[in-house]
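A short write-up of the structure that comes next.
The values are calculated or read from the model by the stated rules, or taken from the named source; none is laboratory data. Keep in mind the model is a prediction, meaning the values are calculated, not measured. Positions of Cβ are generated from backbone atoms using ideal geometry, with glycine treated the same way; all protein chains shown enter the neighbour counts.
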Amino acid sequence: MILFAKLSAVHDGGERGCESGDYDYNSLGGYLYDVNPDFLAERSTGSLIYYGDLIDTGWYINDTWRIKPSFSLNYGMRYEYATIPFGERLQSINSAASVQGVAIWQEPSAPKNQFMPRVGFAWSPDKDRTWSIRGGVTMGYDVLYDNLGLNSISAGAVPQFGATVDELQNGAGTVINQFLANGGIPPGSGGFNTFTGCAAPCGTAKTGETAVAQQQRATAGLVPRNINNPVAITATLGVQHVFWKNYTAEVRYVYTHGYHLPTQIQINKQPQISPTDFIPTFLSNPGPAVLNALTVTTGTLAAPPLASVVNAFKSGCAIVAGIGMPDGFNAKGQVAPCFTSNITAFESNGNSVYHGLAMQLTRRFEHGLQINASYTYSHAIDDSTPALFSTVITPRRAQNGLDLANDRSNSALDHRQRFTLVAYYDLPYFKSGSWFRRNVLGNWIFAPVYTYQSGEWADVHASADTNLNGDSAGDRVLLNPNGVGGTGTGVSNLMATAGPFAGQTVAYLAGSATAQYINTGKGGLEPNNGLVVAGRNTLLMRPIDNIDFTLGKKFNITERFRLEFQAQFLNFFNHPQYIAGSINQVNAIGYTGSSASNYLNPANSAFNDPTIPFSSNPRVIQLTAKLVF
C-alpha cells in the first residue's frame, strides 16, 4: 500500500512553502512509525515577507486606415515599463556573496526596451460582404509572476532573512524518530541573520571559514541581474463566410513564438558522464569476459570534469574566501566551491512555438436552436513548461541545465486535436396558451456538449540522478526502439568477477528485454547497445472523450419575472477518464506526490497506469436556480 501523506503545500528545490513544511512518504510504514520521510521533507524558515509591489506603466497609439470600403488597415505601437518588486530588490543585501563575473547578488535592473508593434487588416472581397479575410501580427511582453521573485528570495538568495531547508539533503541515510511529533524540520530563528565567520571546526570542511564564505555557503538561489520579461509574437490569418443566412464557417491559422520564458536551473550542476565515460546497459547478460573488460564504475565517475561555470566559481571563491582549498571542496574538487547548496537560478532562456489550424461552424440562434462545432489541429513545442514544482508530469528543471536545447520537445500543453460540439435547444413548442401549457408542457431547455481532446504529453523519468549531476528533477530514461510501446522496466547490477574492478558494478541489465522504457542506474544515461536516451515528453496520456448535458426548465411568473431551474450533468454517462486534469474545466491541477512519480517511473509496477494517481472524473450533478427579471 502506498500512502501519499502531504501535511501542507510547499515546493522543493528552494521553492517557498507554508509554515509547517511539506512531508511526502513512499510507504505507509514510515508515516505510521513517525520517522523522517523518504520522498520529500523540506520547510522554509526565517522571517521574510515578500512584497511584490510591481508598478507597470504603459502607453499606446493606434489607428485604423480605411483604404477602401472593403479593406481597412489597423496599426499601432504599445510601450510598457515595469519596475522591479521591492522583494527582489532586497538581493543587494547579499552583495558580499558575489563572485565577479560569475554570480552577482545586487538589485536587478528592469528592461527599458519593451516596444510592441502590431499591424492587422480586414478585407471583404465580395459585394454582399459574406466573405471576410482577416490577419495580423502582434508582439507582446508579459511580467514575471511573483512566485519567481518569492522563491528566489526565500530559497536563500537573501540568506539574511531565511532559506528553504531540505532534510533529505542534510541528513540523507539518517533515521530521525518522532519526526512529526517533534514538529518536523525546526522552523529556524526569525529576525535578521548575520554572518561573522567562524574558526575551526566550523564549516563543511571543519577548517573554519570567513564571513564571506559562510554567507556564500548559506546562499542557494539567485535572480539574474537583468530581468528579461517573457515575449510572445503572434500571427493570425483567417477566412470567414456567412451562408444560408444563419450559418457562419471560419478557418484560421494561429502562430505564436514565445521567448525569454522563465526556466529554473541549478547552475552549479554538470553531468559526470560523457559518451566515453559511462556505465553501459545491456538487454541480455554479455557474460564475464565482457564485464571484466569494462573499466567504468560509479567510483571512477566520482571525479567529473568541472564545467566552465564551476571552474569560475572555484577560482573566484578561492580568491574571495582567501583560503587555499575553498570550503565545500574535497581533495578532488568535485563539490561546488563555497556555494555548497544548490545554486538555483531563474533564467529567461526558455522558448516555445505554437502552430494551430482551427475550423468552426456556427448556426446562430433561430427557432430555438443554436449549434457550434469546432475542431483544432495544433502542435505546441517548447523546452520548458513549468518553472516551479507544480507537477511531476513535466519536470520544472531540464535534464541538463547547461543544455536546454536537449529538452526541446512536445510541450506538456500540446493537445494535438480538439473537437467540440455544443447545442442549445429551447423547445419552440407550447409557447402560447394557458399557464399550464406554457410552463409545464413548454419552456424546456436541452444543452448537450461533446468534447474530444488528445491526451497530455508526459515525461518519463527516473526520479533518480542517472546522469550524476547532483539533480534528479529531470533525469530521463533509456529508450529501446524495438520495445513494446508503453512498457517499462528497471535494471539490476552486473559486477565484474575479476580484474581491478572485481566485485564492483560495471554494467546494468534490463529486467525485460522487450520493454520500451528502461530506468537505468546511476551513471548509465548515455546511448549504448542500441538504446537511446528518451526525449522529453514522449508518453501520450489518455484523451478526454466526454459528454456533458444540461436540462433546464423555465417558469414565467409575470411578463417581467422568470424562474429557471437547471440540472447539469458533467460526464453524463459516467465514462471513466483518467487524465492529469479536469475533463470540463481549465484550471491548474498539480501532481507532485509519489503516486504520480511512480506512474512515470518505468521501474515501478504503477508505470503508465493512470488509474492509480488520477481521478476517473466521475459524474457530477449540479442543481441550479436563478431568477431572471
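Just a few scattered comments:
- Check on F614, of a type in the set (F, W, Y), under 19 Å from the mean Cα position of the chain (by Cα) and either under 29 Å from P448 (Cα atoms) or buried (at least 18 other Cβ atoms within 10 Å of the Cβ) (or both): yes
Table: residues versus (1) in contact with a helix residue (DSSP H, G or I) (Cβ under 8 Å, 6 or more places away or on another chain); (2) within 14 Å of D459 (Cα to Cα); (3) not small (G, A, S).
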position: T550; (1), (2), (3): no, no, yes
position: E564; (1), (2), (3): no, no, yes
position: A567; (1), (2), (3): no, no, no
position: N571; (1), (2), (3): no, no, yes
position: I579; (1), (2), (3): no, no, yes
position: N598; (1), (2), (3): no, yes, yes
position: N604; (1), (2), (3): yes, no, yes
position: N617; (1), (2), (3): no, no, yes
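- Members of the stretch 432-471 that are assigned to a strand (DSSP E or B), among the hydrophobic types (A, V, I, L, M, F, W, C) and farther than 19 Å from L539 by Cβ: W444, I445, F446, A447, V449
- Only one entry in G503, G485 is within 28 Å of Y578 (Cβ to Cβ) and free of Cβ contacts under 8 Å to residues at least 40 places away in the same chain, namely G485.
- Among the residues making up the stretch 238-269, those that are basic (K, R) and either modelled with pLDDT under 95 or farther than 30 Å from F365 by Cβ (or both) are K245, K269.
- When the stretch 495-512 is filtered for residues that are surrounded by fewer than 23 Cβ atoms within 10 Å (Cβ to Cβ) and either in a strand (DSSP E or B) or in contact with a Phe, Trp or Tyr (Cβ under 9 Å, 6 or more places away or on another chain) (or both), the ones remaining, listed by number, are M495, A496, A502, T505, L509.
- Positions within the stretch 473-486 being surrounded by 16 or more Cβ atoms within 10 Å (Cβ to Cβ) and either assigned to a loop (DSSP other than H, G, I, E, B) or of a type in the set (V, I, T) (or both), in sequence order: A473, G474, D475, V477, N480, G483
Conditions tested, residue by residue: (1) surrounded by 13 or more Cβ atoms within 10 Å (Cβ to Cβ); (2) at pLDDT 75 or above.
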| site | (1), (2) |
| --- | --- |
| G13 | yes, no |
| C18 | no, no |
| Y23 | yes, yes |
| A41 | yes, yes |
| G52 | yes, yes |
| Y75 | yes, yes |
| A82 | yes, yes |
| R89 | yes, yes |
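- Here S98 fulfils each of the conditions (1) of a type in the set (S, T, N, Q); (2) in contact with a strand residue (DSSP E or B) (Cβ under 6 Å, 6 or more places away or on another chain); (3) free of Cβ contacts under 8 Å to residues at least 40 places away in the same chain apart from (2).
- Test: residue in the stretch 440-461 that is without any contact (Cβ under 8 Å) to a residue 40 or more places away in the chain, crowded, with 17+ Cβ neighbours inside 10 Å and farther than 25 Å from R416 by Cβ: yes
- Residue within the stretch 75-93 that is free of Cβ contacts under 8 Å to residues at least 12 places away in the same chain and under 30 Å from G149 (Cα atoms) present: no
- Check on R418, under 28 Å from N351 (Cβ atoms), in contact with a strand residue (DSSP E or B) (Cβ under 7 Å, 6 or more places away or on another chain) and of a type outside the set (G, A, S): yes
- Note on the stretch 523-544: among residues that are of a type in the set (V, I, T) and within 30 Å of G581 (Cα to Cα), the one that is nearest to the chain's Cα centre (by Cα) is T538.
- Screening N400, N406, N349 for residues that are modelled with pLDDT of 90 or more, assigned to a strand (DSSP E or B) and either among the polar types (S, T, N, Q) or in contact with a His (Cβ under 7 Å, 6 or more places away or on another chain) (or both) leaves exactly one candidate, N349.
A quick yes/no check of all residues on (1) over 30 Å from G490 (Cα atoms); (2) part of a strand (DSSP E or B); (3) touching a residue at least 40 places away in the same chain (Cβ under 8 Å); (4) out of contact with any Gly (no Cβ under 8 Å at 6 or more places or on another chain):
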{"position": "G524", "(1), (2), (3), (4)": "no, no, yes, yes"}
{"position": "V532", "(1), (2), (3), (4)": "no, yes, yes, yes"}
{"position": "G535", "(1), (2), (3), (4)": "no, no, yes, yes"}
{"position": "N546", "(1), (2), (3), (4)": "yes, yes, yes, yes"}
{"position": "F549", "(1), (2), (3), (4)": "yes, yes, yes, yes"}
{"position": "F569", "(1), (2), (3), (4)": "yes, yes, yes, yes"}
{"position": "N574", "(1), (2), (3), (4)": "yes, no, yes, yes"}
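- The set of residues from the stretch 111-131 being exposed (fewer than 15 other Cβ atoms within 10 Å of the Cβ) and under 14 Å from V231 (Cα atoms) comprises K112, N113, F115, P117.
- Qualifying residues in the stretch 548-601 (those that are β-branched (V, I, T) and surrounded by 16 or more Cβ atoms within 10 Å (Cβ to Cβ)) - the one nearest to R437 (Cα to Cα): T550
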